[in-house]
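The values are calculated or read from the model by the stated rules, or taken from the named source; none is laboratory data. A quick note: this is a predicted structure, and the numbers were derived from the prediction, not measured. Methodologically, a virtual Cβ is constructed for each residue, glycine included, from the backbone with ideal geometry; neighbour enumeration extends over all protein chains shown. Protein only, heavy atoms only, side chains kept; ligands, DNA and RNA dropped before computing areas. Shrake-Rupley method; radii C 1.70, N 1.55, O 1.52, S 1.80 Å.
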Amino acid sequence: VGIAVAVVVVAVYVWQFHGPLAKEPEKWGQFGDYVGGLLNPTFSLLALLALLATLGLQVRERRLSVKELRHSAEALTKQNETLRQQTFEGTFFQSLRLHNDIVASMEVLNLSLKGRACFQHYLGELEGQLINHGAIETYEAFLPHYEIFYREHQAALGHYFRLLYNIVKLVKWTSSIDQRFYTNLIRAQLSSAELKLLFYNCLSDLGSEKFKPLVEEFALLKTMPDTALPADDLLHRYSPAAFGGKYPESWL
């Protein structure tokens, strides 16, 4: 554009004042004034437009850079979430395997029982003691007899309940996961006898403070069998949430 304007300005001058080149300095000065008076504003305007165009390109590039940085940050966040999910799942499923190994290693030697069969024996022994001593009706009577039972079988049940509690706590304190999905997996690992023993354990001082709130929050007793009926005083120590929102009807 600048070159075109300069050519037009000179061409108009030549067309209007054609003739041999002047030898007088003042005429060259007049020609310079003419050219400068027309081209200086033109080139100034073009320079301003070029500057504005440059600023526009810089603004556009900066917006693109910000957008790319935002996308990079989002991608990094997603990557971190994926890594966090993978780390959690690795720990979670390894803990479940360890918990199943603990169950598989259980034995009641005098009855030749192994694995999950031991829990039915422990449950029968506990409820038998509670019934025989009339300790099934009230919470106050239940507590000392459960403590006696637990001390007798602490070697088998202690690390079982501690690891189960820590697996549920791991799910509780991990954000950005479907906590219900993973606690449902935990509950699916437990047999009917294990759920019933969990019910009694969380009523005692061993689990009432820390484990019982998690049992209620994630409805871990939702599938507990109701064939052996606890007394209302024991049952109502739990909120209905522990059973999925309402107490088993046959227990009421």
- Mind checking whether some residue in the stretch 123-142 is outside any helix (DSSP H, G or I) and within 18 Å of LEU214 (Cα to Cα)? no
- Out of the residues in the stretch 134-151 that are in contact (Cβ under 8 Å) with a residue 12 or more places away in the chain and of a type in the set (A, V, I, L, M, F, W, C), state the one that is surrounded by the fewest Cβ atoms within 10 Å (Cβ to Cβ). ILE148
- Query: Could you say which residue among ARG84, ARG97, ARG60 is open to solvent by 70 Å² or more (accessible area, probe 1.4 Å), modelled with pLDDT of 90 or more and within 40 Å of the chain's Cα centre (by Cα)?
  - Reply: ARG97
- Message: So, in the stretch 92-110, exactly how many residues are farther than 13 Å from HIS159 by Cβ, among the β-branched types (Val, Ile, Thr) and assigned to a helix (DSSP H, G or I)?
- Response: 0
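Tell me which residues, restricted to the stretch 188-197, are of a type outside the set (Gly, Ala, Ser) and either open to solvent by 60 Å² or more (accessible area, probe 1.4 Å) or at pLDDT 95 or above (or both).
Step one: filter the stretch 188-197 for residues of a type outside the set (Gly, Ala, Ser), giving 189-190, 194-197.
Listed by number, the list holds a single entry, GLN189.
Among the residues of the stretch 25-57 satisfying the criterion of being among the aromatic types (Phe, Trp, Tyr) and in contact (Cβ under 8 Å) with a residue 12 or more places away in the chain, which is most open to solvent (accessible area, probe 1.4 Å)? Even if it seems obvious, please write down each step before you answer.
Just the residues of the stretch 25-57 that are among the aromatic types (Phe, Trp, Tyr), to begin with: 28, 31, 34, 43.
Checking the rest, the ones that are also in contact (Cβ under 8 Å) with a residue 12 or more places away in the chain come to 31, 34, 43.
Values: PHE31: 51, TYR34: 67, PHE43: 95 Å².
Applying the filter and picking the extreme gives PHE43.
Sort out which residues of the stretch 176-186 are assigned to a helix (DSSP H, G or I) and without any contact (Cβ under 8 Å) to a residue 60 or more places away in the chain, and write them in order of number. Even if it seems obvious, please write down each step before you answer.
So in the stretch 176-186, the residues assigned to a helix (DSSP H, G or I) come out as 179-186.
Of everything in the stretch 176-186, those that are assigned to a helix (DSSP H, G or I) and without any contact (Cβ under 8 Å) to a residue 60 or more places away in the chain turn out to be GLN179, ARG180, PHE181, THR183, ASN184.
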- Query: Within the bounds of the stretch 152-159, is there any residue that is surrounded by fewer than 16 Cβ atoms within 10 Å (Cβ to Cβ) and polar (S, T, N, Q)?
  - Reply: yes
- Message: Quick check on LEU45: is it assigned to a helix (DSSP H, G or I), modelled with pLDDT of 85 or more, farther than 30 Å from ALA188 by Cβ and not acidic (Asp, Glu)?
- Response: no
- Which of (1) under 20 Å from TYR160 (Cβ atoms); (2) open to solvent by less than 90 Å² (accessible area, probe 1.4 Å); (3) at pLDDT 85 or above does LYS114 not meet, given it meets every other one? (2)
- Message: Any residue that is without any contact (Cβ under 8 Å) to a residue 24 or more places away in the chain and either outside any loop (DSSP other than H, G, I, E, B) or in contact with a Gly (Cβ under 6 Å, 6 or more places away or on another chain) (or both) - is there at least one of those in the stretch 165-175?
- Response: no
- Query: If you go through the stretch 160-169 one residue at a time, do you hit one that is out of contact with any helix residue (DSSP H, G or I) (no Cβ under 6 Å at 6 or more places or on another chain), aliphatic (A, V, I, L, M) and buried (at least 18 other Cβ atoms within 10 Å of the Cβ)?
  - Reply: yes
- Query: Hey, among LYS196, LYS222, which residue is of a type outside the set (A, V, I, L, M) and in a loop (DSSP other than H, G, I, E, B)?
  - Reply: LYS222
- Message: Kindly evaluate LEU235 against the criterion of being open to solvent by 40 Å² or more (accessible area, probe 1.4 Å) and at pLDDT below 90.
- Response: no
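Please specify each residue of the stretch 199-209 satisfying the condition of being outside any helix (DSSP H, G or I) and either among the aliphatic types (A, V, I, L, M) or open to solvent by less than 10 Å² (accessible area, probe 1.4 Å) (or both).
We begin by selecting, within the stretch 199-209, every residue outside any helix (DSSP H, G or I); these are 202-209.
If the condition is that a residue be outside any helix (DSSP H, G or I) and either among the aliphatic types (A, V, I, L, M) or open to solvent by less than 10 Å² (accessible area, probe 1.4 Å) (or both), then CYS202, LEU203, SER204, LEU206, GLY207 are the ones that fit.
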